[in-house]
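Down below is the structure, laid out as structure tokens.
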Amino acid sequence: MNESGEHRKLQLQELEEIRNDAYDSSKIYKKNTKALHDKMISKREFKVGQKVLLYHSRLWLFPGKLRSKWIGLFVIINVLPHGAIEIQSLETSKIFKVNGQRLKHYFEGIQENEGEYMHDLKLDVPPEIN
């Protein structure tokens, strides 16, 4: 009876060690996964006066593949701590606060060089067949 009791105590200790090892490996896995995730996040720095686009995160009732999820053209008015940003719509002049992760920089296209490419482009057009 004593021998089986000792054997059972050893089994319980072994089971406790296995649980502790699993807990430790789970912690290590979570730490490494978080480090990898954080490494892939790009830090965006916004400055007052910059133009940005806002991610429209509402539920789409009629989703479209080609519909853009980015709306409007906004100007940054104030950069608040912890990632909050105050923006103003250029269309309605309405001011509101959003999370900085919902914004992306708006880059205006270079319009002065667009015409040059059209002049340099030579297309081989076959003659019309009658």
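The values are calculated or read from the model by the stated rules, or taken from the named source; none is laboratory data. Since this is a predicted model, take the numbers as computed values, not measurements. With ideal geometry, Cβ positions are generated from the backbone for all residues, glycine too; neighbour counts draw on all protein chains shown. Quick note on the areas: whole protein, heavy atoms, side chains included, nothing else; ligands and nucleic acids left out. Shrake-Rupley method; radii C 1.70, N 1.55, O 1.52, S 1.80 Å.
If R0 is taken as 41 Å, the Cβ-Cβ distance between Lys9 and Ser57 corresponds to a FRET efficiency of 0.15.
Calculated accessible area for the range 1-53 comes out at 99 Å² per residue, all protein chains present (probe 1.4 Å; ligands, DNA, RNA ignored). When His56, His82, His7 are compared by accessible area of protein heavy atoms, the largest-first order is His82, His7, His56, using a 1.4 Å probe. When the solvent-accessible area of the range 1-102 is split by element, carbon and sulfur atoms take up 56 percent of it, the probe being 1.4 Å.
With R₀ fixed at 30 Å, the C-beta to C-beta distance from Thr92 to Lys65 puts the FRET efficiency at about 0.60.
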